[in-house]
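J.: Got a structure here, written out as structure tokens. Questions coming.
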Amino acid sequence: MSVVLFGGEKGGTGKTTLATNLAVYLVRHGAEVLVLDTDKQGSASGWAAARSQTPELAKVQSVSKFGDVVDSARDLADKYQHIIIDAGGRDSRELRSAMLAADVMYVPIKASQFDLWTMERMNELVGQSQGFNRKLKAFAILSMAPTNPRIGEAEEAKGMLGDFEHLGLASTIIRERKVYRDAVTQGRGVLECENEKAVDEIESLGKEVFNGII
Ligand SMILES: Nc1ncnc2c1ncn2[C@@H]1O[C@H](COP(=O)(O)OP(=O)(O)OP(=O)(O)O)[C@@H](O)[C@H]1O
Ligand SMILES: [Mg+2]
């Protein structure tokens, strides 16, 4: 059983993209998953609705909850093997309450927009949440990194992340690839598209997040 949260204080960093791709990773590995959308923009539930229009795709259940979501998240965690929570891109009641129910939180950051101050605030927020939820672990994950290795943004951001007390760094790096945009609009994960490199990235992320669980 696991509750995985995608959150952060910045908008448009890839939270919904990674949450939905990880949900597809789970169903394709025979695990049961529920996507809990706590973002009023409803992108993750929109994705699940688009997905349900394509009968050949394995169904991914989703529900939306807003406000204080800790009790709902904990109840759902008793009923489903895995819960993936998509929180919106700001410091919100949804984000803070989801952090009380999560086992692990990933904070996607765009390497190009790397912002030390935001990471310091996230580190602090994770530290506070761990006071109430001792099991919480949190990692930044580089998202939308340039595919051209000569643009060393991902490596620079990695260096700047240094060693925050409460925030690790995921070893998987997600690169900027059109297939991520195409997949999400079709209610798919990149595992259901033809792009080997993106498939490798999500398989790597899935192993990293669920290693030992599935
Ligand atoms: N690795 C990627 N490569 C290319 N495009 C991406 C990638 N990740 C996300 N995108 C695109 O960037 C945009 C923002 O991504 P996404 O919606 O996942 O971010 P978000 O953090 O959930 O945003 P919000 O804070 O608004 O909820 C979307 O159009 C998405 O398709
Ligand atoms: Mg989103």
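The values are calculated or read from the model by the stated rules, or taken from the named source; none is laboratory data. Quantities reported herein were computed from a predicted structural model and do not represent experimental measurements. Counting neighbours? That spans all protein chains shown, and the Cβs are built from the backbone with ideal geometry, glycine included.
J.: Pull up region 145-173, narrow it to residues that are assigned to a loop (DSSP other than H, G, I, E, B) and in contact with a Phe, Trp or Tyr (Cβ under 8 Å, 6 or more places away or on another chain), then point me to the one that is farthest from Ala19 (Cα to Cα). So that I can check it myself, show each step before the final result.
T.: Let us first name the residues in region 145-173 that are assigned to a loop (DSSP other than H, G, I, E, B), namely 146-152, 162-167, 170-173.
Now restrict to residues that are in contact with a Phe, Trp or Tyr (Cβ under 8 Å, 6 or more places away or on another chain): 167, 170.
Working: Leu167: 19, Ala170: 15 Å.
This residue is Leu167.
J.: Further, regarding this structure: Kindly check whether there is at least one residue in region 4-23 that is surrounded by 18 or more Cβ atoms within 10 Å (Cβ to Cβ) and more than 15 Å from ligand 2 (Cβ to nearest atom).
T.: No; the residues of region 4-23 include none that is surrounded by 18 or more Cβ atoms within 10 Å (Cβ to Cβ) and more than 15 Å from ligand 2 (Cβ to nearest atom).
J.: Are there any pairs with C-beta distances below 8 angstrom linking a residue in region 124-136 that is farther than 11 Å from Glu165 by Cα to a residue that is in a loop (DSSP other than H, G, I, E, B) and small (Gly, Ala, Ser), with the two at least 6 apart or on different chains, and if so which?
T.: That search, which allows pairs on different chains as well, returns Asn133/Ala102; Leu136/Ala102.
J.: Another question, then. Cβ-Cβ below 6 Å, separation at least six or inter-chain, first residue in region 172-194 and within 20 Å of Asn211 (Cβ to Cβ), second at pLDDT 95 or above and acidic (Asp, Glu): which pairs?
T.: Thr172/Glu208; Ile174/Glu201
J.: Of Thr147, Thr118, which residue is at pLDDT below 95, among the β-branched types (Val, Ile, Thr), over 16 Å from the mean Cα position of the chain (by Cα) and surrounded by 14 or more Cβ atoms within 10 Å (Cβ to Cβ)? Walk me through how you get there before you give the answer.
T.: Numbers: Thr147 fails: surrounded by 14 or more Cβ atoms within 10 Å (Cβ to Cβ).
Selected residue: Thr118, the only one of Thr147, Thr118 that is at pLDDT below 95, among the β-branched types (Val, Ile, Thr), over 16 Å from the mean Cα position of the chain (by Cα) and surrounded by 14 or more Cβ atoms within 10 Å (Cβ to Cβ).
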